[in-house]
Amino acid sequence: MDDITLLTMARDAMVNAYVPYSNFPVGAALLCADGTVYTGCNIEGASYGNAICAERTALCKAVSEGKRDFITLAVTANTEDFCTPCGICRQMLYEFSPNMRVLCGDRDGRYAAHTLKELLPCAFSAKDL
């Protein structure tokens, strides 16, 4: 799957975001090794700690369906700068695929590509337990 298609899927997922507190909708699309794509949006609650990011929504959907090997994550928002995953999302994604590509999009359809290892150097992993 090409980058633009994956970013478009993330942008499409963004419209479902539930963000009455931050008004900051985010969409994500997670490409599995078998070609399956899981999308997600961020969801907030009045108790701020129970919010979940778009990236983790997509990851939880994929893992709950038995997927464990991921190739690329696209994440986008209506921002001037590229939207990158937060630290919690980076750590959760690293658990499964530290070498995945991460496409960080902006409101104009531009994007930057990174590896997860670039975004989370010196990550905590199972070897650290």
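The values are calculated or read from the model by the stated rules, or taken from the named source; none is laboratory data. Everything numeric in this text was worked out from a predicted model, so none of it was measured. All Cβ positions, even for glycine, are placed from backbone atoms using ideal geometry, and neighbour counts span all protein chains on display. Only protein heavy atoms, including side chains, enter the accessible area calculation; ligands, DNA and RNA are left aside. Shrake-Rupley method; radii C 1.70, N 1.55, O 1.52, S 1.80 Å.
Do you know which of the residues in segment 23-53 that are among the polar types (S, T, N, Q) and modelled with pLDDT of 95 or more is farthest from LEU93 (Cα to Cα)?
ASN23
Let me confirm something: among GLY109, GLY40, which residue is on the phi > 0 side of the Ramachandran plot and touching a residue at least 24 places away in the same chain (Cβ under 8 Å)?
Of GLY109, GLY40, the one residue that is on the phi > 0 side of the Ramachandran plot and touching a residue at least 24 places away in the same chain (Cβ under 8 Å) is GLY109.
Return the total of residues in segment 20-50 being of a type in the set (A, V, I, L, M, F, W, C) and open to solvent by 40 Å² or more (accessible area, probe 1.4 Å).
Residues meeting the conditions: 4.
Right, ILE88: touching a helix residue (DSSP H, G or I) at 6+ places or on another chain (Cβ under 9 Å), under 11 Å from VAL26 (Cβ atoms) and either of a type in the set (Val, Ile, Thr) or open to solvent by 60 Å² or more (accessible area, probe 1.4 Å) (or both) or not?
Criteria not met by ILE88.
Take the residues in segment 110-127 that are at pLDDT 95 or above and assigned to a loop (DSSP other than H, G, I, E, B); name whichever of them is least open to solvent (accessible area, probe 1.4 Å).
Looking at residues that are at pLDDT 95 or above and assigned to a loop (DSSP other than H, G, I, E, B), I get LEU120.
Could you give every pair whose Cβ atoms fall below 6 Å, whose first residue belongs to segment 52-81 and is surrounded by 24 or more Cβ atoms within 10 Å (Cβ to Cβ), and whose second residue is charged (D, E, K, R), counting only separations of at least 6 or pairs across chains?
Close Cβ pairs (under 6 Å, with a partner that is charged (D, E, K, R)) amount to VAL75/GLU55; THR76/ARG11.
Yes/no per residue for (1) touching a strand residue (DSSP E or B) at 6+ places or on another chain (Cβ under 9 Å); (2) charged (D, E, K, R):
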position: PRO25; (1), (2): yes, no
position: ALA28; (1), (2): yes, no
position: LEU31; (1), (2): yes, no
position: ASP34; (1), (2): no, yes
position: TYR38; (1), (2): yes, no
position: ILE43; (1), (2): yes, no
position: GLY49; (1), (2): no, no
position: CYS53; (1), (2): yes, no
